[in-house]
1. Among the candidates 164, 147, which residue alone is farther than 30 Å from residue 27 by Cβ and in contact (Cβ under 8 Å) with a residue 24 or more places away in the chain?
2. Take the residues of the range 48-74 that are farther than 24 Å from residue 230 by Cβ and touching a helix residue (DSSP H, G or I) at 6+ places or on another chain (Cβ under 8 Å): which is modelled with the lowest pLDDT?
3. Looking only at the range 279-294, which residues are surrounded by fewer than 18 Cβ atoms within 10 Å (Cβ to Cβ), assigned to a helix (DSSP H, G or I) and touching a helix residue (DSSP H, G or I) at 6+ places or on another chain (Cβ under 8 Å)?
4. Filter the range 48-73 down to residues that are free of Cβ contacts under 8 Å to residues at least 60 places away in the same chain and either surrounded by fewer than 16 Cβ atoms within 10 Å (Cβ to Cβ) or part of a loop (DSSP other than H, G, I, E, B) (or both), then give me how many there are.
5. Is it true that some residue in the range 74-88 is more than 25 Å from the chain's Cα centre (by Cα) and either touching a residue at least 24 places away in the same chain (Cβ under 8 Å) or in a loop (DSSP other than H, G, I, E, B) (or both)?
6. What helices (runs of 4 or more DSSP H) lie completely within the range 169-273 and have 1 or more residues being free of Cβ contacts under 8 Å to residues at least 24 places away in the same chain?
7. Residues of the range 348-360 being over 21 Å from the mean Cα position of the chain (by Cα) and closer than 20 Å to residue 4 by Cα, which ones?
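The values are calculated or read from the model by the stated rules, or taken from the named source; none is laboratory data. Keep in mind the model is a prediction, meaning the values are calculated, not measured. Cβ sites come from the backbone with ideal geometry, for glycine too, and all protein chains shown count toward neighbours.
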């Protein structure tokens with residue numbers, strides 16, 4: 001059975017996150033999306049942890065459900081921690097995701113972080129002055145069943161391979177303990193083919209999660225496992241990741257990396273997006289203000305790569321690229337994704353089928369029974385990869401375009417489909 005998991009999200013206690021991110025709302029939206037296992041996020045925050053302990057009950061080993069409400073989604077205890085520290089004469093800013101099998105393991109991690117004077121109350125994603133390697137040791141000492149996964153590995157400012165503050169390899173970051181890193185999160189601005197260019201990453205799984213700061217962004221990236229209902233547990237998910245069991249890790253669900261906010265180089269203040277060739281031509285400076293640009297993921301991958309574009313390792317895990325359903329509807333209706341009209345159509349559609357089923361599997365004739373024709377056509381095009389994306393840069397998301405201006409005029413006349 002295909003089991004969809006999104007293991008990196010946030011709660012209402014993280015900065016710049018929606019106040020609607022509560023356990024009940026997360027379970028509701030996970031079901032709308034078709035997510036079977038959802039990370040709790042933020043388990044180091046005392047108020048959020050109290051809510052989790054109060055509102056969740058263990059349903060399967062290491063997985064939890066809401067005590068109240070008939071929701072299908074199950075929760076895994078997860079968090080993200082921002083490590084900021086000096087190493088090699090350089091300030092490092094690395095975000096790491098933690099997975100834990102029990103509240104007991106979580107309590108032990110929190111105790112060890114508190115002993116080291118880490119402030120866990122200020123933010124759901126706490127900033128700690130710990131080396132990533134030290135954090136890894138704390139996590140594994142709390143329970144050998146815990147797992148650390150470097151988060152959004154290529155983000156320029158806050159990631160293991162980030163151009164502004166990262167490292168050039170797993171070993172440089174984690175030393176001899178790199179052997180305990182079994183997966184990295186590719187992040188929204190990169191996809192598996194970009195990561196396949198580094199032979200050093202063949203030894204880890206490439207996982208994808210949403211890093212959602214709002215309910216609607218749940219599942220914009222996710223992982224698909226083959227796990228029978230009676231086998232679903234924390235241990236089985238972690239086993240598959242640690243053993244790199246490609247018979248059970250079926251594929252990842254990916255954002256188009258161009259849509260990510262750090263895909264290309266650029267300077268947001270000057271509204272300047274730059275292909276790496278243009279960056280090199282300008283010696284890394286913005287041609288408008290002459291200040292250094294933010295070097296994006298595309299450039300950083302190319303710098304560290306030891307393989308040409310188009311390389312596919314023999315053991316590579318497949319992936320499927322999506323555009324979130326509300327963005328597809330918005331493009332088809334030529335309205336903003338957050339407008340009432342788009343949200344009304346979205347709710348009508350997910351009342352029939354979960355979003356992932358709509359995006360990936362549902363037959364077009366079935367979709368046509370409850371979705372506007374232009375939306376069905378847009379879904380068809382996304383499945384076939386018939387779209388263009390203006391790349392994101394320096395904190396600005398890219399822009400998806402499914403229909404040409406000429407086609408949009410036909411749509412207005414009701415002649416496209």
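1. Of 164, 147, the one residue that is farther than 30 Å from residue 27 by Cβ and in contact (Cβ under 8 Å) with a residue 24 or more places away in the chain is 164.
2. Of all residues in the range 48-74, those farther than 24 Å from residue 230 by Cβ come to 48-55, 68.
Filter once more, keeping what is touching a helix residue (DSSP H, G or I) at 6+ places or on another chain (Cβ under 8 Å): 49, 51-53, 55, 68.
Values: 49: 98, 51: 98, 52: 98, 53: 98, 55: 98, 68: 92.
Filtering the range 48-74 for residues that are farther than 24 Å from residue 230 by Cβ and touching a helix residue (DSSP H, G or I) at 6+ places or on another chain (Cβ under 8 Å), the one modelled with the lowest pLDDT comes out as 68.
3. none
4. Final tally of qualifying residues: 13.
5. Scanning the range 74-88, I find at least one residue that is more than 25 Å from the chain's Cα centre (by Cα) and either touching a residue at least 24 places away in the same chain (Cβ under 8 Å) or in a loop (DSSP other than H, G, I, E, B) (or both), so the answer is yes.
6. Numbers: elements: 170-174, 192-195, 234-243.
The qualifying helices (runs of 4 or more DSSP H) are 170-174, 234-243.
7. Selection gives 349, 350, 351, 352, 353.
Residues are listed down the side, and each one gets a yes or a no for (1) over 29 Å from residue 302 (Cβ atoms); (2) within 14 Å of the chain's Cα centre (by Cα):
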{"position": "177", "(1), (2)": "no, no"}
{"position": "191", "(1), (2)": "no, yes"}
{"position": "204", "(1), (2)": "no, no"}
{"position": "212", "(1), (2)": "no, yes"}
{"position": "224", "(1), (2)": "no, yes"}
{"position": "227", "(1), (2)": "yes, no"}
{"position": "242", "(1), (2)": "yes, no"}
{"position": "261", "(1), (2)": "no, yes"}
